[in-house]
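Below is one structure, written out as structure tokens; the observations come after it.
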Amino acid sequence: MKLFENPTRNLFFTGKGGVGKTSMACATAVQLAEQGKRVLLVSTDPASNLHDVLATEIKSTPTPINGVENLQAMNIDPVESARLYRERMIGPYRGVLPESAVASMEEQLSGSCTVEIAAFDEFSRLLGDADSTSQYDHVVFDTAPTGHTLRLLTLPSAWSGFMDSNTTGTSCLGPLAGLQDQKLIYQKSVDALSDGNATTLVLVTRPETSALREAAETSGELQHLGIKNQRLIVNGVFTAASKDDQFAAAMESRCQKSLDTIPAAIESLPRTSVPLLATSLMGVDALRQVGNPDAVHEVRLSNDVLEDLPIGLGGLVEDISASGHGVVMTMGKGGVGKTTVAASIAVALAGRGHNVLLSTTDPAAHLVSTMATENLPNLTVSRIDPAEEVEQYKAEVMATAGSDLDEQGRALLEEDLRSPCTEEIAVFRAFARAVAEGGDHFVVLDTAPTGHTVLLLDSALAYHREVTRHTTEMPEYVQELLPRLRDPKFARMLIVALPEATPVHEATQLQEDLRRAEIEPYAWVINQSFQSLDVSDPVLLQRKQNEVPFVREVRDSLSNRLAILPWQKESPTGLENLRRLADELIAS
């Protein structure tokens, strides 16, 4: 089965975390290359796992893929892109301006904005500069989960507009004169994105209600931006081999119910359905099996089993509850169930009489739908809304740093605050403020997928500089953010993963990043496991077998504390289901 007939030159794969964007992008790239097309596969995800899926060490420059002629792949590395960007901006002034002036430019370009604009700059070059990719027939973009991608795709218009309206010639990115050279490329990027003959946006989803809803919302937002040539891939469609397996029957039912209620916004899009495979799509040979109906039920079992696993969240909740207050953060790859785990813990803590704030930093927040807008005594549900935070931040800066400025100075400050970077700074402040609230009650934070979260934490010091650039005083909650996150008695980081290669490997990297920031994870939660379930369907049986080495690796080598959550026959959404889920797990 071909995933595409007559594809456009540019293909963008996007969707909710964990739906298989990378797998579908890689499978498409392999198929096109094996049809004789010259293909460049590009990951814009800060937490790229192209190397895992393609079994090749991928660099930040086009890298030939082992075993696939005509296919090259590259990662846009934000840190490396920022280094190259800074040098491109500063290099021409070395030896021309005084050293103090060059040092000042280096300091100005050391902020978090530079990391974002540098990655965006590289992305724009690949999309808007035809010469940079003229040797390829197709450029396939594997993007970060939806919220991050939406921001990436809106930046060409945002920065073009900012440069048009900016009259000062300076910005948080340095002299705008250097950026003006890029403006033509930004405009060509906008043109390419809106040209249906050049670009196709591929919305990847699982046959799950939340993923389909997010795909519909993304479709609408990108239609609004002029990206109208869209199509849909539903990845992981499951049909039970036997109705005698209650879990297989439930999985097929959940899948079909979701597809029966597919949102109208995406129902009419050209659609490709990809069956759920028994094995993970790792390596080129596995990618070639996408669409092969004979591969679905291939089963290879062994006698390797795990016993005495810690099933349920009960132990974690009891320990957290005993502390009386603090912050609990769920982290991990997109689609692993961070929101469900966060909501279940919040419900359990509130049920024990604690005051609990449940909030999210995810741009594509699903907390409200998970809680189904229902109420529980002691529990408050909120979301860090970027638009609201930006307005609040602007007002605060103008009332403080802008209060002593003359009219011209206030105008310049207002203009600086219109930079697209202001949103990232405002969200960071809101995150720091939410963490501070854990001083007298519980705050449970559902974070964005790994790449975004790591950037948020890694950039803490850079954000500090950005905040002080705009304000005369550093808020206490910003000053104390890192000490609070590093205090194991105050902040408990839960790493959530599925028992599969990519989620575990990505979570391992996340754990290493946290430890470099002197933050020790509290526990790991393996979600949607079949280890404690009695299954007989060949696909589920094989998936249960495939989990064993990854669960063992987490239990024996990676975690100080572990909880295993079984796959649920009912989707764990809505307050009653979350309460039942929490109660059942605590009782288990």
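The values are calculated or read from the model by the stated rules, or taken from the named source; none is laboratory data. These numbers were taken from a predicted model, which means no experiment stands behind them. Neighbour counts run over all protein chains shown; Cβ positions are idealised from the backbone, glycine included. Quick note on the areas: whole protein, heavy atoms, side chains included, nothing else; ligands and nucleic acids left out. Shrake-Rupley method; radii C 1.70, N 1.55, O 1.52, S 1.80 Å.
Yes/no matrix, rows are residues, columns are (1) over 17 Å from PRO499 (Cα atoms); (2) open to solvent by less than 10 Å² (accessible area, probe 1.4 Å); (3) not small (Gly, Ala, Ser):
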| site | (1), (2), (3) |
| --- | --- |
| PRO275 | yes, no, yes |
| MET282 | no, no, yes |
| ASP304 | no, no, yes |
| ASP308 | no, no, yes |
| HIS325 | yes, no, yes |
| LYS333 | no, no, yes |
| ALA342 | yes, yes, no |
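Residues in segment 401-423 that are open to solvent by 40 Å² or more (accessible area, probe 1.4 Å), under 28 Å from THR360 (Cα atoms) and part of a helix (DSSP H, G or I): GLU423 alone. Taking segment 1-85 and the strands (runs of 3 or more DSSP E) fully enclosed by it, the elements with 3 or more residues that are closer than 28 Å to ASP513 by Cα and open to solvent by less than 40 Å² (accessible area, probe 1.4 Å) are at 39-43, 71-75. When segment 426-443 is limited to residues that are out of contact with any Lys or Arg (no Cβ under 9 Å at 6 or more places or on another chain) and under 15 Å from PHE490 (Cα atoms), the one that is most open to solvent (accessible area, probe 1.4 Å) turns out to be ASP440. For segment 221-236, what are the residues that are open to solvent by 20 Å² or more (accessible area, probe 1.4 Å) and modelled with pLDDT of 90 or more? Result: ASN229, ARG231. Only one entry of SER194, SER171 meets the criterion of being modelled with pLDDT under 90, surrounded by fewer than 16 Cβ atoms within 10 Å (Cβ to Cβ), touching a Leu at 6+ places or on another chain (Cβ under 9 Å) and not aliphatic (A, V, I, L, M), and that entry is SER194.
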